[in-house]
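Remarks on the structure that follows.
The values are calculated or read from the model by the stated rules, or taken from the named source; none is laboratory data. All of these numbers come straight from a predicted model, not from anything done at the bench. Please note: Cβ atoms are built from the backbone with ideal geometry, for glycine as well, and neighbour counts cover all protein chains shown. All accessible areas refer to the heavy atoms of the entire protein, side chains included, with ligands and DNA or RNA removed. Shrake-Rupley method; radii C 1.70, N 1.55, O 1.52, S 1.80 Å.
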Amino acid sequence: MSHQAFVLTRNNHETASERDEAYERFLCILPSCGFTVTTGAIQPPRSILNNTYTFFIDANYCSTTTLLNLPVVNDFPDLNKVVFNVCASDVDFHYAALQHGINGVFHIEDSLELLVRGVQQVQAGNKWFSREVMSRYIDANLLAKTKPLARLQPPNKLLTKRELAITRKVADGAQNKEIADCLHISVNTVKTHVYSIFRKTECRNRVELIRWYAQQFSQLQQVSN
């Protein structure tokens with residue numbers, strides 16, 4: 001049985017000179033895994049998405065921050081969404097993608113055999129992330145049940161204005177370089193702020209910080225209501 005798949009990419013696969021090897025390698029396995037593939041550089045209308053089984057996003061389509069804020073990521077929770085052409089070392093993005101409802105991440109470095117196995121798993125409705133990412137994600141969620149949050153108070157009271165801006169960027173999946181470019185500060189300055197944010201929020205890593213940020217605003221919203 002064939003499933004409809006849409007691939008969001010800026011890669012013009014009609015022009016051989018512009019072909020990206022990793023991109024082509026990933027696309028070539030989709031038909032063999034039972035997908036009928038349509039590609040495009042613009043998100044298709046809802047009428048097409050409603051008939052799309054899996055939505056693949058080329059990581060080179062845009063920055064990681066923009067990717068996790070695409071309408072297709074945030075407005076279609078039931079759509080099977082996958083990101084490919086991701087660097088294996090970009091672990092922070094893997095965490096953020098998982099928390100944003102992405103069901104699988106495929107690396108540029110993955111072998112053809114691994115890509116096929118992963119696509120088949122995603123097609124079957126399973127998640128596809130590295131063991132390290134899933135393990136740490138599970139640990140973070142277990143921690144959420146056993147470790148109380150840092151005392152509840154308005155984040156703008158706990159963090160400085162600059163720290164709060166950086167926390168928002170981290171929650172959106174931005175890396176230190178992206179944050180530095182956006183705020184017009186150095187990467188080292190970003191790192192210093194992140195360490196300070198970890199200390200003030202009692203978070204050990206970005207996964208915990210993303211959870212802290214989401215829960216702080218969720219609880220404050222409930223109080224205000």
(request) Those residues that are in contact with a strand residue (DSSP E or B) (Cβ under 9 Å, 6 or more places away or on another chain) and basic (K, R), I need them from the stretch 36-85; list them, please. (result) K81
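Examine the stretch 130-149 for a residue that is open to solvent by less than 70 Å² (accessible area, probe 1.4 Å), modelled with pLDDT of 85 or more and not in a strand (DSSP E or B), and state whether such a residue exists.
As a first pass, look at the stretch 130-149 and keep what is open to solvent by less than 70 Å² (accessible area, probe 1.4 Å): 130, 133-135, 137, 140-141, 143-144, 147, 149.
Next, only the ones that are modelled with pLDDT of 85 or more stay: none.
So far as the stretch 130-149 goes, no, none of its residues is open to solvent by less than 70 Å² (accessible area, probe 1.4 Å), modelled with pLDDT of 85 or more and not in a strand (DSSP E or B).
Those residues that are in a loop (DSSP other than H, G, I, E, B) and buried (at least 19 other Cβ atoms within 10 Å of the Cβ), I need them from the stretch 101-113; list them, please.
At the first step, the residues of the stretch 101-113 found to be in a loop (DSSP other than H, G, I, E, B) are 101-103, 108-111.
Matches in the stretch 101-113: I102, N103, D110.
Quick check on my filter: what residues within the stretch 74-84 are buried (at least 20 other Cβ atoms within 10 Å of the Cβ) and under 17 Å from A174 (Cα atoms)? Break it down stepwise before answering.
Let us first name the residues in the stretch 74-84 that are buried (at least 20 other Cβ atoms within 10 Å of the Cβ), namely 81-84.
V83 - this is the single residue of the stretch 74-84 that is buried (at least 20 other Cβ atoms within 10 Å of the Cβ) and under 17 Å from A174 (Cα atoms).
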(message) K169 - would you say it is under 20 Å from Q99 (Cα atoms) and either open to solvent by 40 Å² or more (accessible area, probe 1.4 Å) or modelled with pLDDT under 80 (or both)?
(response) yes
